[in-house]
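A short write-up of the structure that comes next.
The values are calculated or read from the model by the stated rules, or taken from the named source; none is laboratory data. All values derive from a computational prediction rather than experimental measurement. Methodologically, a virtual Cβ is constructed for each residue, glycine included, from the backbone with ideal geometry; neighbour enumeration extends over all protein chains shown.
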Amino acid sequence: MMSSAAQRALTARINGIGISDDLPLVIGFDMINARQPESFDVPALSTAITRGDHVAFECLYHAYFGRLYRYLLVCSGGWEEGVQEAMQESMIRVVRHMKPFQDEAGLWNWLRCIAHTALIDQVRKARRAGTLISLRTEADLVSTQAEHDYTNELKTQLHACLAQLEQAERRLVQGKYLEGKSYELLAREHGLTPKAIESRLARIRKKLKSLVLRRLKR
């Protein structure tokens, strides 16, 4: 079992990890590329986290944060603020309640249940505070979606939003996020500076993020 000191240290590490404004889109592009979490020894990793191992926790964080985030984003109907709060709380609960797992499927299902419960807690908290939020009903949230359902929904929404971009914008997105081209290579292809490419992509990500969240809230 993790000591109180180890829990406090890992919790402080979690609180120091920021959530990028671009995260919903970046993980969406990763999903389209079908990138899978790094393979690792699940029993060894989960046992190490119960002992307060920072490196093991960060390995789990980077492997699963994106999957959990997009899962909650779809479950909540695009309620970004609530998802961010739920993810922060989820990681803290993982630190406090981690136990050894024998396989990846068991670990993922446990993580998903923790995140889903944290999201429901955020919904209830918002409603108690009288916050006006447009969400799916709590009953819908309690009925956990299968992973292929939320993955397919987010893929569909992202592809639809990409189609709304101008041709030049789509070419930049495809080059950077789907083909993995560098800023320097894109700059040469488009006759611009790397800094200009970086700035344009930042504006496109912001535009795409707004489009995706709007569609999820329908």
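Among the numbered criteria (1) at pLDDT below 75; (2) of a type in the set (A, V, I, L, M); (3) touching a helix residue (DSSP H, G or I) at 6+ places or on another chain (Cβ under 9 Å), which single criterion is violated by residue 163?
Going through the list (1) at pLDDT below 75; (2) of a type in the set (A, V, I, L, M); (3) touching a helix residue (DSSP H, G or I) at 6+ places or on another chain (Cβ under 9 Å), residue 163 breaks only (1).
Quick grid of which residues meet (1) touching a residue at least 12 places away in the same chain (Cβ under 8 Å); (2) within 26 Å of residue 72 (Cα to Cα):
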| site | (1), (2) |
| --- | --- |
| 164 | yes, yes |
| 167 | no, no |
| 181 | no, no |
| 184 | no, no |
| 197 | yes, no |
| 208 | yes, yes |
| 214 | yes, yes |
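For segment 39-56, what are the residues that are aliphatic (A, V, I, L, M) and farther than 11 Å from residue 101 by Cβ?
Within segment 39-56, 48, 55, 56 meet the criteria.
Checking the conditions here, which among 117, 131, 151, 144 is at pLDDT below 75 and more than 22 Å from residue 210 (Cα to Cα)?
Unique residue meeting the criteria: 144.
Give segment 77-88 a look and list any residue that's closer than 20 Å to residue 107 by Cα and surrounded by fewer than 18 Cβ atoms within 10 Å (Cβ to Cβ), or say none.
88
If a residue must be buried (at least 19 other Cβ atoms within 10 Å of the Cβ) and assigned to a loop (DSSP other than H, G, I, E, B), how many such residues does segment 39-76 contain?
Counting residues in segment 39-76 that are buried (at least 19 other Cβ atoms within 10 Å of the Cβ) and assigned to a loop (DSSP other than H, G, I, E, B) gives 2.
Counting only residues that are among the hydrophobic types (A, V, I, L, M, F, W, C) and not in a helix (DSSP H, G or I), which one in segment 77-102 is farthest from the chain's Cα centre (by Cα)?
Taking the candidates together, the pick is 101.
Can you say whether residue 188 is under 27 Å from residue 74 (Cα atoms) and assigned to a helix (DSSP H, G or I), as far as the supplied structure shows?
It is false that residue 188 is under 27 Å from residue 74 (Cα atoms) and assigned to a helix (DSSP H, G or I).
Looking only at residues that are of a type in the set (Lys, Arg) and at pLDDT below 90 in segment 39-84, which one is nearest to residue 120 (Cα to Cα)?
The qualifying residue nearest to residue 120 (Cα to Cα) is 70.
Of the residues 118, 105, which single one is assigned to a helix (DSSP H, G or I), surrounded by fewer than 18 Cβ atoms within 10 Å (Cβ to Cβ) and either in the same structural domain as residue 151 (by TED's automatic domain parsing) or not hydroxyl-bearing (Ser, Thr, Tyr) (or both)?
Just a single option satisfies the conditions, and that option is 105.
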